[in-house]
Amino acid sequence: MLVRSVCTLLIVLSAAFTPHRDPSFEVGGGTIDVNLDSDLSQSAQDDLMNWVHTAANSVVAYYGRFPLQRTYLNVRSFDGRGVHNGHTFGVHNGGLIRISVGTQTTPDEFKKDWMMTHEMVHLTFPSVPEEHHWIEEGIAVYVEPLARLRAGNMSKAEVWGEMARDMHQGLPAADDEGLDNTHTWGRTYWGGAMFCLLADIEIRQRTRNQKGLEDALRGVMNSGGVITEDWALQHVFEVADKAAGVTVLQELYTRMKDKPVSVDLDKLFARLGVVRNGDVAKFDDHAPLASIREAISTGKPGKAAAMNASLDSLISNTAAH
Ligand SMILES: [Zn+2]
């Protein structure tokens with residue numbers, strides 16, 4: 001609550017000093033008000049606005065619309081290159097994203113950046129109690145590349161290559177006590193992302209590849225579960241499962257919340273037909289879960305998987321050794 005009132009004050013202050021040229025645009029049913037630091041050159045501002053539009057379009061591609069009517073984007077600049085320090089908050093009348101951008105950031109660096117899309121994904125999900133922070137970050141980590149893929153801003157080879165390269169960081173270590181009790185960086189960001197990948201596959205298995213995680217997440221957003229609201233996690237998963245028509249999220253949460261759950265990721269990616277080559281992937285379209293991988297990539301319902309196995313054969317209640 002303190003954060004919210006502080007941020008509200010910031011908006012009031014920044015609005016009072018906002019130059020008239022600060023841009024505002026509409027996307028997917030929402031308005032984004034951009035507050036730019038005056039240190040940025042005109043061409044840097046143009047590049048930056050392209051980047052903001054691209055990220056917003058990615059979120060709309062995954063969720064079907066922009067999550068909030070009003071979002072305030074507060075961009076600070078620093079001398080250098082790159083994008084740093086993204087933070088997203090709920091404020092009384094919308095969402096607030098604060099982010100820092102180097103004044104010499106190139107168009108290519110903006111194109112490759114993931115952080116703006118990550119922050120905008122946070123807008124789509126309610127605030128949950130601190131011990132469940134892993135689900136907020138896990139969704140942002142998992143959805144961000146898929147959203148960019150669906151908007152044409154990343155390739156399938158990049159998305160699956162990076163997922164196969166990085167997902168192991170979410171596996172439990174020897175002293176793990178489950179996602180709600182183990183607040184390491186790896187378990188928070190990639191443990192949460194692994195939960196989302198498992199849920200996405202299992203929802204598609206049980207619905208014969210007609211529904212996916214995005215149906216569950218859109219259900220939460222469309223029921224008013226966005227960053228400005230505080231929800232209990234159990235309620236989030238009930239609403240999400242109802243939208244998907246299967247109880248995958250509640251079951252997976254019960255299984256992973258207070259116990260280490262290890263996943264045979266090599267076998268999982270092999271079943272999906274993901275063959276990693278460095279940072280990119282090649283695909284085996286004859287793999288048993290290839291049709292599920294394709295539906296996750298495109299967002300279009302697909303054929304039921306050739307293998308109708310539950311995740312049980314890939315999951316074990318043991319920590320890594
Ligand atoms: Zn985040």
Site HIS235, offset 7 angstrom along Cα→Cβ, radius 14 Å on amide nitrogen, limited to the stretch 107-133, gives 126-129
Applied in sequence order to the stretch 27-34, the curve 6.51 cos²θ - 1.76 cosθ + 1.60 (Karplus, θ = phi - 60°) yields integer Hz couplings, x standing for Gly and Pro, of 8, x, x, x, 10, 10, 9, 9
Ranking SER291, SER310, SER297 from most to least accessible area with a 1.4 Å probe gives SER310, SER291, SER297
Two pseudo-spin positions, 7 Å from Cα along C-beta at ARG81 and at ARG165, lie apart in nanometres by 1.8 nm
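What does the highest-first list of 34-40, 184-190 look like by mean Cβ count within 10 Å? Display every interim value, and only then the final one.
Details: 34-40: 16.9, 184-190: 19.3.
Ranked from most to least packed, the peptides come out as 184-190, 34-40.
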Out of MET307, MET221, MET49, a Gaussian network model of the chain with alpha-carbon springs under 10 Å gives the largest mean-square fluctuation to MET307
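Using a ≥ b ≥ c from the Cα gyration tensor of the stretch 138-286 (square roots of the eigenvalues), is it rounded, prolate or oblate, where a/c under 1.5 gives rounded and otherwise the larger of a/b and b/c decides, a/b for prolate? Provide the component values of the computation, followed by the final result.
Working: a/c = 1.59, a/b = 1.20, b/c = 1.32.
Judged from the Cα gyration tensor, the stretch 138-286 comes out oblate (a/c at least 1.5, b/c at or above a/b).
Is it possible to state the helix-based mean residue ellipticity at 222 nm for the chain, with each DSSP H run of 4+ residues giving -39500 (n - 2.57), the sum divided by total residues, to the nearest 500 deg cm²/dmol? What is it? Intermediate results must be reported in sequence, preceding the final value.
Details: 12 runs with 144 residues, N = 321.
Theoretical 222 nm ellipticity from helices: -14000 deg cm²/dmol.
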Magnitude of the Cβ-charge dipole (Lys and Arg +1, Asp and Glu -1) of the stretch 130-316 about the Cα centre, nearest 20 debye, reported as 1020 debye
Counting only residues 5 or more apart in sequence or on a different chain, those whose built amide H sits under 5 Å from that of PHE78 are VAL101, GLY102, THR103
Residue ranges of DSSP H helices in the chain that stretch 18 Å or more (Cα, own long axis) and have mean Kyte-Doolittle hydropathy of at least -0.5 are 2-17, 42-63, 133-150, 192-206
Full extension between ALA174 and ASP37 adds, at 0.36 nm per residue less the Cα distance, a length in nm of 44.7 nm
Answer in debye to the nearest 20: the dipole magnitude of the chain about its Cα centre, from +1 Lys/Arg and -1 Asp/Glu charges placed on Cβ, is 900 debye
For ASN50 and TRP185, extending 7 Å from Cα along the Cα-Cβ vector and measuring point to point gives, in nm, a value of 3.1 nm
A student applying the Cα gyration tensor rule (rounded when a/c is under 1.5; otherwise prolate if a/b is larger than b/c, oblate if not) would label the chain prolate
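Could you list, in their original order, any pairs among LYS257/LYS303; LYS156/LYS259; LYS112/LYS156; LYS211/LYS303; LYS111/LYS267; LYS211/LYS259 whose Cα atoms are separated by more than 23 Å? Don't jump to the answer; show the numbers that get you there.
On the way: LYS257/LYS303 31 Å; LYS156/LYS259 33 Å; LYS112/LYS156 14 Å; LYS211/LYS303 11 Å; LYS111/LYS267 32 Å; LYS211/LYS259 28 Å.
With Cα atoms farther than 23 Å apart: LYS257/LYS303; LYS156/LYS259; LYS111/LYS267; LYS211/LYS259.
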Residues whose modelled amide H sits under 5 Å from the amide H of ASN35, counting only those 5 or more places away in sequence or on another chain, are LEU73, ASN74, VAL75
Of ASP175, ASP47, ASP166, the most mobile residue in a GNM of the chain (C-alpha springs, cutoff 10 Å) is ASP175
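The values are calculated or read from the model by the stated rules, or taken from the named source; none is laboratory data. Please read these numbers as outputs of a predicted model, since none were measured by experiment. Because the Cβ atoms are built from the backbone with ideal geometry, glycine has one as well, and the counts that use them run over all protein chains shown. Please note that ligands, DNA and RNA were not included when accessible areas were found on the heavy atoms of the full protein model with its side chains. Shrake-Rupley method; radii C 1.70, N 1.55, O 1.52, S 1.80 Å.
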